[in-house]
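Data block below; observations after.
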Amino acid sequence: MVILLLGEHAIGDEFIVAMKDAGDGKTTVWTVGQSAVDGGFLVDCPYEEAFKLWTGDDDATVEGEEEREEELP
């Protein structure tokens, strides 16, 4: 298991199910077992940095976001 250090939080990468840019250099993270109505938790780590740590791919966020935007009608 890889432990990601996101702001003040240490999270096992295999327990993260979703991330969302919360703005102002913060990221909302959802983990396995959280309630469906839970809003996730806020970490003091920019989205792109958090996503790159999670995927292990330095180019994942930039290319993935561009490709996804192109596919939308």
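Laboratory data are not the source of any read-out in this text; all were calculated from the coordinates shown. Source: prediction; values computed, not measured.
Give a residue-ordered list of calculated ³J(HN,Hα) values for the stretch 5-12 (Karplus: 6.51 cos²θ - 1.76 cosθ + 1.60, θ = phi - 60°; whole Hz; x for Gly, Pro).
Whole-Hz 3J(HN,Hα) from phi for the stretch 5-12: 9, 10, x, 8, 9, 10, 10, x.
Starting at the first residue of the stretch 47-56, write each ³J(HN,Hα) from the Karplus equation 6.51 cos²θ - 1.76 cosθ + 1.60 with θ = phi - 60°, in whole Hz, x for Gly and Pro.
My calculation for the stretch 47-56 gives 3, 4, 5, 4, 5, 5, 5, 5, 7, x Hz in order.
Amide H neighbours of residue 6 under 5 Å, counting only residues 5+ apart in sequence or on other chains, H built in-plane at 1.01 Å?
Residues meeting the criterion, in which the H sits 1.01 Å from N, are 11.
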